[in-house]
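Remarks on the structure that follows.
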Amino acid sequence: MTQRTRAHGKIEVTTYLPTPYDEPAAGPALARIHVEETFTGDITGTGVVDFLQVLRADGSASFVGVERVTATLAGRTGTFVLQDSGTVADGSVTGSWFVVPDSGAGELAGLRGEGGFTAALGQHADIHLDYWFE
């Protein structure tokens, strides 16, 4: 088994632009949300992501996203792509993500990993990524 290292950190959202794209008379609304963020901790850099979100009448939501991260991790600098999924409920955001295979570039080529994030709505997210290099 490949040895994994756990990276810890935080994300601060710097841009949050929601755009509804389907608001039916009955059933949940659909929205696209463009987010730009800053990573600190074991992963330092920036990310840009577009989420697709299902917003239910009770205020809870489910979302998926694809995010390019430009960062330094383990002393290596480059980019990689995360695929995200998660929920918003009771004032909390919870999600999981994985590094899209073959998405690493620069010194992050070969990066693989999986992890997740949690945050109180509107606050910094606590993140982790269990990663390895192929």
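Counting only residues that are hydroxyl-bearing (Ser, Thr, Tyr), in contact (Cβ under 8 Å) with a residue 24 or more places away in the chain and assigned to a strand (DSSP E or B), the range 1-53 holds 6 of them.
Confirm whether residue 114 is within 18 Å of residue 63 (Cα to Cα), free of Cβ contacts under 8 Å to residues at least 40 places away in the same chain and among the charged types (D, E, K, R). So residue 114 passes the test. Against the conditions (1) touching a residue at least 60 places away in the same chain (Cβ under 8 Å); (2) buried (at least 16 other Cβ atoms within 10 Å of the Cβ), residue 65 satisfies every one except (1).
Taken over the range 91-108, the criterion of being of a type in the set (Gly, Ala, Ser), modelled with pLDDT of 95 or more and in a loop (DSSP other than H, G, I, E, B) is satisfied by 103, 104. All conditions in (1) touching a Phe, Trp or Tyr at 6+ places or on another chain (Cβ under 9 Å); (2) at pLDDT below 95 hold for residue 57, with the sole exception of (1). Among the residues of the range 109-120, some residue qualifies, meaning at least one is modelled with pLDDT of 95 or more and among the acidic types (Asp, Glu).
The values are calculated or read from the model by the stated rules, or taken from the named source; none is laboratory data. Predicted, not measured: the structure shown is a model, and the values here were computed from it. Please note: Cβ atoms are built from the backbone with ideal geometry, for glycine as well, and neighbour counts cover all protein chains shown.
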